[in-house]
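Presented below is the structure to which this report refers.
The values are calculated or read from the model by the stated rules, or taken from the named source; none is laboratory data. The structure displayed is predicted, hence computed values, not measured ones. Because the Cβ atoms are built from the backbone with ideal geometry, glycine has one as well, and the counts that use them run over all protein chains shown. Side chains are part of the model used for accessible areas, which takes the heavy atoms of the whole protein and leaves out ligands, DNA and RNA. Shrake-Rupley method; radii C 1.70, N 1.55, O 1.52, S 1.80 Å.
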Amino acid sequence: MSIIVNLDVMMAKRKMSLNELSEKVDVTPANLSILKTGKAKAIRFSTLEAICEVLECQPGDILEFEK
Amino acid sequence: MKRFKILCTLLLVSFLVAVFQDTVMSFVEGFHMGYGIASFEIDNDLESEHFTSLKLTPKTDAIALNEDNVKDGAPLSLIPSEASLVTFHMKDTHEKTTGEVLISIISGLLNLGILICFFYVLVVFIKIILSFRRSEVFEEVTIKRINIIGIGFLVLGAMSTVWQGLTVYMARQAIELADYTISYSKIIDWDDFVMGLVILLMNEILRIATGYKKEQDLII
């Protein structure tokens with residue numbers, strides 16, 4: 001997959017655990033884990049918005065395109 | 001989901017009633033008929049041959065008044081379209097040829113196969129309905145089970161057709177009726193074939209839906 005999810009990098013930068021993030025964005029830890037490990041097929045704008053808001057970042061900080 | 005569970009329950013109940021009516025009652029009737037024939041054989045020192053569920057077609061269009069209406073005593077015409085025939089002959093007077101014995105064995109094995117296949121399909125069907133009631137619809141195991149039922153119906157149709165064909169062949173070798181022809185015309189069991197194909201088609205739709213669900217589960 002050429003879209004890379006850098007959620008773990010941003011979480012490390014903000015020193016936030018998966019459980020803490022899941023509580024704040026209201027997504028189950030299991031689903032956040034799927035997203036973090038790159039197994040997700042798609043991400044909803046609403047989820048992306050919530051993650052960006054909690055981690056105080058841009059969508060581009062979480063998603064990256066690699067050729 | 002409540003509506004779905006109610007429909008599943010209704011389907012299960014209807015199916016069990018249908019099985020009771022078509023299979024259990026038929027078995028009981030068959031048992032009574034077999035008992036009657038066996039008693040007749042013993043009492044008269046005879047041997048019999050059975051040909052069940054034969055399709056009959058009249059040789060002519062002429063209507064014969066061959067029955068009576070007990071209610072008003074008026075004669076009426078009984079036109080059978082399906083009948084079971086039983087022939088009787090003296091003991092040890094009818095020597096079966098090797099071909100006849102072979103066909104009898106194949107026919108018996110097919111009968112056994114139909115019975116086993118039917119009960120297997122029945123068990124799988126009940127398992128599916130019970131899993132539906134637990135809301136396990138878009139699951140791989142459900143798709144596999146429905147596939148088994150679809151293929152089961154096709155196999156049942158094929159075996160019934162061959163069995164019916166052999167029965168008609170054996171009946172035509174042994175019997176010639178004055179007014180009716182024992183017909184090959186309806187030996188193919190289209191009901192089972194159509195049912196099997198419809199189930200397989202619906203299962204393919206379920207397979208596609210399960211694929212969509214899997215993808216949907218990976219959208220965060």
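Determine whether B:I208 is open to solvent by 40 Å² or more (accessible area, probe 1.4 Å), within 14 Å of chain A (Cβ to nearest Cβ) and farther than 30 Å from B:L54 by Cα.
Values: open to solvent by 40 Å² or more (accessible area, probe 1.4 Å): yes; within 14 Å of chain A (Cβ to nearest Cβ): no; farther than 30 Å from B:L54 by Cα: yes.
No, not satisfied.
Scan the range A:34-67 for residues that are under 11 Å from B:L218 (Cα atoms) and crowded, with 16+ Cβ neighbours inside 10 Å and the total you get is 4. The residues of the range B:9-52 that are touching a residue at least 60 places away in the same chain (Cβ under 8 Å) and in contact with a strand residue (DSSP E or B) (Cβ under 9 Å, 6 or more places away or on another chain), listed by number, are B:E49, B:F51, B:T52.
For B:I220, the criteria (1) within 14 Å of chain A (Cβ to nearest Cβ); (2) of a type in the set (A, V, I, L, M, F, W, C); (3) surrounded by fewer than 14 Cβ atoms within 10 Å (Cβ to Cβ) hold in every case but one, which is (3).
Answer yes or no: is there a residue in the range A:4-15 that is more than 13 Å from chain B (Cβ to nearest Cβ) and touching a Phe, Trp or Tyr at 6+ places or on another chain (Cβ under 9 Å). Give the steps one after another, and end with the answer.
As a first pass, look at the range A:4-15 and keep what is more than 13 Å from chain B (Cβ to nearest Cβ): A:4, A:6, A:8-15.
Right, trim to touching a Phe, Trp or Tyr at 6+ places or on another chain (Cβ under 9 Å) and you get A:4.
Yes, the range A:4-15 contains at least one residue that is more than 13 Å from chain B (Cβ to nearest Cβ) and touching a Phe, Trp or Tyr at 6+ places or on another chain (Cβ under 9 Å).
Just one residue in the set B:K186, B:K213 is open to solvent by less than 90 Å² (accessible area, probe 1.4 Å) and at pLDDT below 95; that residue is B:K213. Flag: A:N31 does not match the condition of being away from every other protein chain (no Cβ under 14 Å) and of a type in the set (S, T, N, Q). Within the range A:9-23, residues that are within 14 Å of A:K36 (Cβ to Cβ) reach partners that are surrounded by 15 or more Cβ atoms within 10 Å (Cβ to Cβ) and among the hydroxyl-bearing types (S, T, Y) with beta carbons closer than 8 Å, at six or more positions or on different chains, in the pairs A:L18/A:S33.
Restricting the range B:98-141 to residues that are hydroxyl-bearing (S, T, Y) and more than 25 Å from the chain's Cα centre (by Cα), which is farthest from B:L200 (Cα to Cα)? Walk me through how you get there before you give the answer.
First, pick out the residues of the range B:98-141 that are hydroxyl-bearing (S, T, Y): B:98, B:104, B:107, B:120, B:131, B:135.
Among the residues that remain, those that are also more than 25 Å from the chain's Cα centre (by Cα) are: B:98, B:131, B:135.
Numbers: B:T98: 40, B:S131: 19, B:S135: 21 Å.
The qualifying residue farthest from B:L200 (Cα to Cα) is B:T98.
If the condition is being open to solvent by less than 60 Å² (accessible area, probe 1.4 Å), closer than 21 Å to B:A18 by Cβ and aliphatic (A, V, I, L, M), then the range B:105-147 contributes B:I114, B:V121, B:L122, B:V124, B:I126, B:I128, B:I129, B:I146. Selection of the range B:189-205 for residues being of a type in the set (A, V, I, L, M) and surrounded by 14 or more Cβ atoms within 10 Å (Cβ to Cβ) yields B:M195, B:L197, B:I199, B:L200.
Selection of the range B:1-47 for residues being in contact with a helix residue (DSSP H, G or I) (Cβ under 6 Å, 6 or more places away or on another chain) and either modelled with pLDDT of 85 or more or hydrophobic (A, V, I, L, M, F, W, C) (or both) yields B:C8, B:L12. When the range B:159-186 is filtered for residues that are in contact with a strand residue (DSSP E or B) (Cβ under 7 Å, 6 or more places away or on another chain) and of a type in the set (G, A, S), the ones remaining, listed by number, are B:A171, B:A174, B:S183, B:S185.
Each row is one residue, and each column tells you yes or no for (1) closer than 24 Å to B:I114 by Cβ; (2) assigned to a loop (DSSP other than H, G, I, E, B); (3) within 14 Å of chain A (Cβ to nearest Cβ).
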position	(1), (2), (3)
B:N147	yes, no, no
B:I151	yes, no, no
B:T167	yes, no, no
B:A178	no, yes, no
B:G196	yes, no, no
B:K213	no, no, yes
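Taking each residue of the range A:35-57 that is over 19 Å from B:Y212 (Cβ atoms) and within 11 Å of another protein chain (Cβ to nearest Cβ) and looking for partners that are open to solvent by 100 Å² or more (accessible area, probe 1.4 Å) and not in a loop (DSSP other than H, G, I, E, B) with beta-carbon atoms closer than 8 Å, six or more apart or interchain, yields A:A50/A:K24.
If you go through the range A:19-33 and keep only what is surrounded by 12 or more Cβ atoms within 10 Å (Cβ to Cβ) and among the small types (G, A, S), you end up with A:S22, A:S33.
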